[in-house]
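J.: Okay, handing you the structure first.
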Amino acid sequence: MTVFRAAWILPITAPPIRDGWLAVEDGVIGAVGSGRRVDAADLGPVAVLPALVNAHTHLELSYLEGVVQPVDRFLDWIRAVVAARRRYCDPRDPAILEAARAAIGAARTSGTGLMGDVSNTLAAVPLLREAGMAARVFHELLGFNTDDPVGRVRAARAAIDLEREPGAAVRLSLAPHAPYSVSPGLCAAIRADLDAHPEDVSTIHLAESPEEVEFIARGTGGWRELLGELDVWSPAWRPAGVSPTLYLSALGFLDARVLAVHVVQCTADDLARLRAAGTNVVSCPRSNRYVGVGDPPLDAFYRAGIPVAFGTDSLASAPDVNLFAELAAARRLAPRVAAGRLLESATLRGATALGFGGQFGSIDVGKRASLIAVRVPAGVVDVEEYLLSGIEPADIGWLGASTPNFQ
Ligand SMILES: [Zn+2]
């Protein structure tokens, strides 16, 4: 057993402990307390907290870093990504794998211990395993005019079953891309698969752009044009006459086992519906700015009682995969939300939403000791607020067998 003492311990499920200690045995948290312990390895002026959870990434798009520029209109960004992936998209390409591997490494050095990764190719699965990064990989399906949605889902399930390892730190499930790119039939087939696999969770991009709102309500606008351009339009589709959130809710897709990503465009009715369904919202505020869709109503999410997690999104729409930087952006958008709630979102809420709440996300006895130590300057009084100020990898270490290994 190893006992660590630190200036602060942040259990997340309890207020920060000043001059706290924790005991780790066989990689599991054995005890947590305050006060002096003579057997403790003193970590000094650091805050020990659970590793952060980056609940929304696309590791296989990491190679697009710097290729797709920030835009004012979402569809310009989509067109740029589609064009780049058409030019260059073999998932076995060493450059794509190398960029994904580097992104996993960068996530780890910035304090992330669990990721929710959206993948069309499953190329990142072996890379996550190799790096010892716990993850939920969502095998994402697109198909607005799919002939055989049940067959598509059966094939995708077979693909993830090939990768599945019982009890593994990398877990796989299926996910639809977005309401405007997945037909109602395909969405229903994915939901049926989720219902048949009670250990799984799913995710979907939801209510990201104003164009999505227009398309789902009235069937017009930029999305209608783009679906035609891409030759995937379905004449069977009828506009829903409601918001994307109410549309997905009516399809029966939303519940507590779903992570709705973005939710930038939403009404009070939408928030009430998400709250009633227990749906998790994953907010990626830096990505939202990058792709020109505006700012998420973070304060309203918390006031509505919706479980919020955070993600950086891919390097095609974010400058890095440092979740502490995402937290700093969230803090600027939601100055009135208690610091402890934002930290809970970046840890326990993300872990729970991804189906890892029993092992990750808080410093509680029996959970995995996936813990980081953040160097705290002298004079800091509010350690939770300090952790929202934009922590850089140089000030983050991982708790190993004895002392944290700062970069
Ligand atoms: Zn995404």
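J.: For segment 87-211, max minus min Cα coordinate along each principal axis, in Å, sorted largest first?
T.: In descending order, the Cα extents are 41, 35, 27 Å.
J.: Let me ask something additional. Which residue fluctuates most in the GNM of the chain (Cα springs below 10 Å): 100, 55, 250?
T.: 250
J.: Could you work out the Kirkwood radius for segment 222-264, taking every pair of different alpha carbons, averaging 1/r and inverting it, reported in Å?
T.: In segment 222-264 this quantity evaluates to 12.4 Å.
J.: Counting each DSSP H run of 4 or more residues in the chain as -39500 (n - 2.57), what helix-only mean residue ellipticity at 222 nm follows after dividing by all residues, to the nearest 500 deg cm²/dmol?
T.: -9500 deg cm²/dmol
J.: Taking N as the number of residues in segment 158-222, what value does Rg over Cα atoms divided by 2.2 N^0.38 Å take?
T.: Compared with the compact-globule rule of thumb, segment 158-222 sits at 1.39.
J.: Hey, what's the Cα Rg ratio for segment 253-372 versus the globular rule of thumb, 2.2 N^0.38 Å?
T.: Ratio of Rg to 2.2 N^0.38 Å for segment 253-372: 1.03.
J.: So what are the ³J(HN,Hα) numbers for segment 139-146, from phi and the Karplus equation (6.51, -1.76, 1.60; θ = phi - 60°), rounded to whole Hz, Gly and Pro as x?
T.: For segment 139-146, the Karplus-derived couplings read 6, 8, 10, 10, x, 8, 10, 5 Hz, x marking Gly and Pro.
J.: Separate question: Could you give the angle, 0 to 90 degrees to the nearest 10, between helix 149-163's Cα long axis and the longest principal axis of the Cα atoms of the chain?
T.: 30 degrees
J.: Magnitude of the Cβ-charge dipole of segment 52-353, K/R +1 and D/E -1, about the Cα centre, nearest 20 debye?
T.: 560 debye
J.: Something else about it: If I fit a long axis through the Cα atoms of helix 74-87 and take the longest principal axis of the Cα atoms of the chain, what angle between them do I get, 0 to 90°, rounded to 10?
T.: Helix 74-87 and the main axis of the chain meet at about 90 degrees.
J.: Counting trypsin sites (Lys or Arg not before Pro) as exposed when in a DSSP loop with at most 10 other beta carbons within 10 Å, what is the longest stretch of the chain free of them?
T.: 93-335
J.: Taking every DSSP beta bridge that has both residues in the chain, what percent is antiparallel when rounded to the nearest 5?
T.: 40 percent
J.: Within segment 21-117, what percent of beta bridges assigned by DSSP are antiparallel, to the nearest 5?
T.: Antiparallel: roughly 55 percent of the beta bridges in segment 21-117.
J.: Largest first and in whole Å, give the semi-axes of segment 190-328's equivalent ellipsoid, each being the square root of 5 times a Cα gyration tensor eigenvalue.
T.: The answer is 23, 20, 16 Å, longest axis first.
J.: For the chain, set up a GNM with springs between Cα atoms under 10 Å and report which of 104, 78, 391 has the largest fluctuation.
T.: Top of the fluctuation ranking is 78.
J.: How long are the three semi-axes of the equivalent ellipsoid of segment 231-298, in whole Å, if each is the root of 5 times an eigenvalue of the C-alpha gyration tensor, listed from largest down?
T.: Each semi-axis is √(5λ); the values are 21, 18, 11 Å.
J.: Please state, as a whole number in µm²/s, the translational diffusion coefficient that the Stokes-Einstein equation yields for the chain at 37 °C and 0.692 mPa s, with Rh defined as the Kirkwood radius across alpha carbon pairs.
T.: 152 µm²/s
J.: Angle between the Cα long axis of helix 323-333 and the longest principal axis of the chain, 0 to 90 degrees, nearest 10?
T.: Relative to the chain, helix 323-333 is tipped by roughly 70 degrees.
J.: Looking only at 242, 293, 380, which one moves most when the chain is put into a Gaussian network model with springs between Cα atoms under 10 Å?
T.: Among 242, 293, 380, the largest mean-square fluctuation in the Gaussian network model of the chain belongs to 380.
No lab work stands behind these numbers, since they all come straight from the coordinates. Predicted, not measured: the structure shown is a model, and the values here were computed from it. Methodologically, a virtual Cβ is constructed for each residue, glycine included, from the backbone with ideal geometry; neighbour enumeration extends over all protein chains shown.
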